[in-house]
Amino acid sequence: MPLDAHIPSGPIEQKWQKQKFDLKLVNPANKRKYRVIVVGTGLAGGAAAASLGELGYEVLNFCFQDTPRRAHSIAAQGGINAAKSYQNDGDSVQRLFYDTIKGGDFRAREANVYRLAEVSANIIDQCVAQGVPFAREYGGALANRSFGGALVSRTFYARGQTGQQLLLGAYQALQRQVAAGTVKQFVRTEMMELIVVDGRARGIVVRDLVTGKISSYVADAVVLATGGYGNVFYLSTNAKGSNATAIWRAHRKGAFFANPCYTQIHPTCIPKSGEYQSKLTLMSESLRNDGRVWVPKAAGDKRPPNEIPESDRDYYLERIYPTYGNLAPRDISSRQAKNVCDQGRGVGPGGLGVYLDFRDAFKRLGRKVMDERYGNLFEMYERITGEDPHDVPMRIYPAVHYTMGGLWVDYNLMSNLPGLFVGGEANFSDHGANRLGASALMQGLADGYFVLPYTVGDYLARGGFAKMDTSHPAVKDAEREVNERTKRLMSIGGKKSADQLHRELGEIMWNDCGMARTKESLTHALSVIPELRERFYKELRVTGSGAELNQQLEQAGRVADFFELAELLCYDALQRNESCGGHFRVEYQTSDGEAQRNDDEYAYVAAWEFKGVGTTPVLNKEPLVFENIHLAQRSYK
Amino acid sequence: MRITLDIWRQKNPRDPGRFERFEVPNVNEHMSFLEMLDVLNQQLVSEGKEPVAFDSDCREGICGMCGFLINGEAHGPLRNATVCQTHMRHFKDGDVLRLEPWRASAFPVLRDLIVDRSALDRIIAAGGYTSTRAGSAAEANQILIPKPSADKAMEAAACIGCGACVASCPNAAAALFTGAKIAHLGHLPQGQPERMGRAIAMTSQAHAEGFGHCTTIGECEAVCPAGIKLEVISRMNKDFIKATLGGYANEVQTLAALPPSAAMRFFEAEPPKKEP
Ligand SMILES: Cc1cc2nc3c(=O)[nH]c(=O)nc-3n(C[C@H](O)[C@H](O)[C@H](O)COP(=O)(O)OP(=O)(O)OC[C@H]3O[C@@H](n4cnc5c(N)ncnc54)[C@H](O)[C@@H]3O)c2cc1C
Ligand code: SF4
Ligand code: FES
């Protein structure tokens, strides 16, 4: 079934203006009579909940952490893009639009991306008004830096803590609404199931993580802004608690899952140090502005980096991509790092690392300027590895970082289930097959401050749904499903923790569906994942009971969902017989090893429909039409 | 190396709690402190015993979710670092470490090393923001901000809301936390219109939550992983005095009913049993 994204007609520059005019409005006096559930308090959820609260809706807002301010958006370091063109270097809405489409390897929907570029400037205005302490020039104006995949300087930043500051801005706006009584905040509360009535999303079942109590909330619309699913690989730069449960439960209830195989492997992370490793830490891509990436020219060169002379070093990104050099996009940089390590030229334990060297920048700019730019990153690196990047180059290696795929949404960010909206990393909408640096923060805030408040209102104004409460049979059914699932997990009585089994899943995913995928590796994954899933339900042990604070149980539920999602990811990677962005199929590459797209057959969004665990999912397609941008082989040379 | 741990075990907010001893025999120096606890927990699960409950999320020192006392020190011995960013290379073979949750009456223990810090959210809700509706902002470069002010604001805004300052304070004051937000917004032009009311509202909320008074002992600054400086407290005090003298106290609105904290949820779900 071809999917309709409900893109407004007219020229791309006018689509959003036109749409805003066409959207129905709710009478201000009636707004408080509508209840909206927002799951998630990151940039997307926090901004959406605060803005919907400001408009006067009754908002219920949920997160699994102990306070909304801990959503994983907090960890974003590098910055946020916006087409402000303050640098007079030729930036514009049009260019940000073009860069994002190209960066996404021509697999994103034009209309959404254009809107994103269009509202990007408003985001910066909004954040500055909230008191976000962006970096400034001596004259008092906002400062910018450049980021991978762009030749203009359009990234706004707050030291190396941009996500933290943007999130605190949204969090503070949210707390203001909590105090005003428009938003009710539920912390340490996890969404376990979506409630669907007459085909519409009408509420959620939650578990109180303190008491273990299962209860339900009904509403007129549900917004999911629950972040990405990178932890399906076990090791990633996501937080320990990041999970896919909310979107996976919605998927099982009928919401289509789009492009699950588009996962981003970030080139600059601290390499894994041992089997106990619980997560990987990102070193912001902004470091590539001043750091140079290299490995020894000869395989097996074991000299310490400072003893390797210039002539024996291979600055491979500068060599292969003279125009973009160290700022080549993420997917490309990661793949090249893998290539040089596969050639035996990797450095550090296990040969899984490349150098990111600041020696020249220290000489050029001095220690003070460098520390001002990257001081907290240098400290973080030293804390983790025990090595000081002022003296020796950093060792970095690619790691799973971001998931471009997510629940399918139309232009209004509504899924195929009416009343279910999805924002931020949880949806698939704007980044195609690869996200450019500093564009996720932009998208999360665009969705939350400037898109969802309009489009959710339109849905509510159109009405057509009956009032209901928690006595509805659909609510009871959903609660029963949750209780049964908990009972099942509690009663296995094996010997392994969910974490251990999750690690095994992660290994399969990284080896078979990671940076380089083949038909064989994916077929292999599809045969071993169901086996491991079966073992999970035999070998798992969850201690304690369901009626208390139980972290083992929380984890087990999330891992159980990852086991199902992992399979879908591989199905998607297998059906996409082309390479594009973060999805690299070894069989499909150009003669010089770059991703080879197949626009004739694969210029579509793959939107999957759930048909049961262990049953092949059904593929629906949304054809991608490019009217404003000419499809081209991506080149960063 | 081999590490011995005396860990606070408490099943729920009502349980009186006690210490329990554990041995972790094969600790690698590159592990983070929390990874060492992961290893312990994995071992406990395989033996069918209750693992140790502790909070964490980002595990890179920025979300503020982790935190407990190691031998009485908030976040452990490493300066300017959270416990998730403290690696085992800072300890030695044979060390005996005592792990306890934050101790403060405004932070009830939920389980083992996990406490309820929602009081900090309510301090922010009382006034830790600028009142700007989405969509109402002026062009960002219309107000120029001197770089030193922006830098100062950033330094104060770096607070991660972990609560270590409270845990290390003999008075269990939340002055460093509250002062950090007041200083952050106070350094910026956007924070000026509500500056006086904010000082009163946030400090009053802190007292209402049961945090103590600051007597400038300075333990908070010493343990703060985000490097927040004591000067934010003097800024807060100055704003507070100015606001009180300026008669702002009468203008401050009290908070509407806030959702029950996590600990309250527990007591609501399990009211105390009546004596027979
Ligand atoms: C280390 C790191 C650095 C990054 N740096 C940058 C950068 O410099 N620039 C950039 O643009 N992007 C960056 N990104 C990407 C960007 O930070 C994220 O994509 C973005 O912040 C995601 O925001 P979000 O609101 O969608 O989700 P999140 O911030 O992850 O929030 C998810 C929310 O959902 C809640 N939640 C999830 N599941 C449930 C459930 N079942 N029940 C209840 N609540 C639930 C969580 O509690 C949380 O509140 C970075 C990402 C990482 C990991
Ligand atoms: S001031 Fe420092 S110690 Fe206190 S909550 Fe903030 S970061 Fe933690
Ligand atoms: S887990 Fe986030 S700061 Fe330690």
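A few remarks follow.
- Burial of 20 Å² or greater, the stretch A:60-88 residues [accessible area, probe 1.4 Å, versus chain by itself]: A:Q65, A:D66, A:R69, A:R70, A:I74, A:A75, A:Y86
- Charge-dipole axis of the protein assembly as shown as Lys and Arg at +1 and Asp and Glu at -1 on Cβ define it, positive-most pick from A:N326, A:L452, B:V96: A:L452
- Förster-model FRET efficiency, 25 Å R0, A:N628 and B:A138, C-beta, rounded to 0.05: 0.20
- Sulfur and carbon atoms: percent of accessible area, the protein assembly as shown [1.4 Å]: 51 percent
- Separation of alpha-carbon centers, the stretch A:128-175 and the stretch B:1-68, rounded to whole Å: 36 Å
- A straight Cα-to-Cα reach below 27 Å connects B:K242 with the lysines B:K147, B:K152, B:K181, B:K229, residues fewer than 8 places away in its own chain not being considered.
- Too-long pairs where the Cα-Cα distance tops 25 Å, listed order kept, from A:K272/A:K538; A:K15/A:K621; A:K368/B:K92; A:K240/A:K496: A:K272/A:K538; A:K368/B:K92
- Low-density loop cleavage sites - GluC sites (Glu not before Pro) in the stretch B:4-83, where at most 15 other Cβ are within 10 Å (DSSP): B:E29, B:E47
- A simple charge model with +1 on the Cβ of Lys and Arg, -1 on the Cβ of Asp and Glu and nothing else charged puts the dipole of the stretch B:118-251 at about 200 debye relative to its Cα centre.
- The amide H of A:C269, built 1.01 Å from its N in the peptide plane, has A:M283, A:Y397, A:A399 as neighbours under 5 Å, considering only residues 5 or more places off or on other chains.
- Efficiency of FRET from Cβ geometry, B:T216 and A:E382, R₀ 30 Å, rounded to 0.05: 0.45
- Options A:Q19, A:A258, A:G104, ranked by Cα towards positive dipole end of the protein assembly as shown, top entry (Cβ charges): A:Q19
- Cα centroid separation, the stretch A:34-55 to the stretch A:304-326 (Å): 47 Å
- Within the stretch B:3-111: Cβ-based charge dipole about Cα centre, in debye rounded to nearest 20 (Lys, Arg +1; Asp, Glu -1): 360 debye
- Cα→Cβ-extended label distance, 7 Å offset, between B:S46 and A:Q575, nm: 4.0 nm
- With contributions of -39500 (n - 2.57) from each DSSP H run of at least four residues, the per-residue ellipticity at 222 nm computed over chain A stands at -11500 deg cm²/dmol.
- Per-pair calculated FRET efficiency, R0 = 56 Å: B:S131 and B:N28 via Cβ, rounded to 0.05: 0.65
- Summary value for the stretch B:55-182: 24 percent relative contact order, contacts being C-alpha pairs under 8 angstrom separated by 6+ residues.
- Here chain B is treated with +1 on each Lys and Arg Cβ and -1 on each Asp and Glu Cβ, and its dipole about the Cα centre works out to around 580 debye.
- Amide H to amide H, with H built 1.01 Å from N, A:N620 comes under 5 Å of A:A607, A:W608, A:E609, counting only residues 5 or more places away or on other chains.
- Residue among B:K147, B:K229, B:K242 with the largest mean-square fluctuation in a Gaussian network model of chain B, springs linking Cα atoms under 10 Å: B:K147
- Estimated vicinal HN-Hα couplings, Hz - the stretch A:270-279 in sequence order (Karplus 6.51, -1.76, 1.60; Gly, Pro = x): 6, x, 5, 10, x, 5, 6, 3, 9, 6
- Put simply, the amide H of A:H431, placed in the peptide plane, has no neighbours under 5 Å, leaving out anything fewer than 5 places away on its chain.
- Among the trypsin sites (Lys or Arg not before Pro) in the stretch A:478-516, those placed in a DSSP loop whose Cβ has at most 16 other Cβ atoms within 10 Å are A:K495.
- Heavy-atom accessible surface that A and B bury in contact, both chains counted, 1.4 Å, Å² to 100: 6800 Å²
- From phi via Karplus (6.51, -1.76, 1.60), per-residue ³J(HN,Hα) for the stretch B:48-59 in Hz, x at Gly/Pro: x, 9, 5, x, 7, 8, 8, 8, 6, 8, 5, 6
- Inter-label distance, A:R32 to A:I492: 4.8 nm, where each label sits 7 Å from its Cα along the C-beta direction.
- Across the stretch A:266-401, the relative contact order, built from alpha-carbon pairs under 8 Å that are at least six residues apart, equals 35 percent.
- Whichever aspartates and glutamates have a C-alpha closer than 16 Å to that of B:K273, once near sequence neighbours (fewer than 8 apart) are set aside: B:D15
- Loop trypsin sites (Lys or Arg not before Pro), the stretch A:24-76, which have at most 12 other Cβ atoms in a 10 Å radius of their Cβ (DSSP): A:K24
- Exposed loop sites, defined as GluC sites (Glu not before Pro) outside DSSP H, G, I, E and B with at most 11 other Cβ atoms within 10 Å, are absent from the longest region of chain A, namely A:276-626.
- Applied to the stretch A:191-199, the Karplus parametrisation 6.51 cos²θ - 1.76 cosθ + 1.60 on θ = phi - 60° returns per-residue 3J(HN,Hα) values of 6, 10, 7, 9, 9, 10, 10, 6, x Hz, with x for Gly and Pro.
- MRE, 222 nm, helices only [DSSP H, n ≥ 4, -39500 (n - 2.57), over chain B, to nearest 500]: -10000 deg cm²/dmol
- Whole-Å distance, taken between Cα centres, linking the stretch B:78-106 and the stretch A:609-637: 48 Å
- Of A:P133, B:P271, A:C269, farthest towards positive along the dipole that unit charges on Lys, Arg, Asp, Glu beta carbons give the protein assembly as shown: B:P271
- Considering only beta bridges that DSSP places wholly inside chain B, some 80 percent are antiparallel.
- Solvent exposure of the protein assembly as shown amounts to 34 Å² per residue of accessible area, where only protein heavy atoms count and the probe is 1.4 Å.
- Based on C-alpha pairs under 8 angstrom that are at least 6 apart in sequence, the stretch A:524-595 has a relative contact order of 26 percent.
The values are calculated or read from the model by the stated rules, or taken from the named source; none is laboratory data. If you're wondering where the values come from, they're calculated on a predicted model, not measured in any experiment. So basically every Cβ, Gly included, is an ideal-geometry build from the backbone, and we count neighbours across all protein chains shown. Just so you know, the surface numbers come from the protein's heavy atoms only, side chains and all, with ligands and any DNA or RNA stripped out. Shrake-Rupley method; radii C 1.70, N 1.55, O 1.52, S 1.80 Å.
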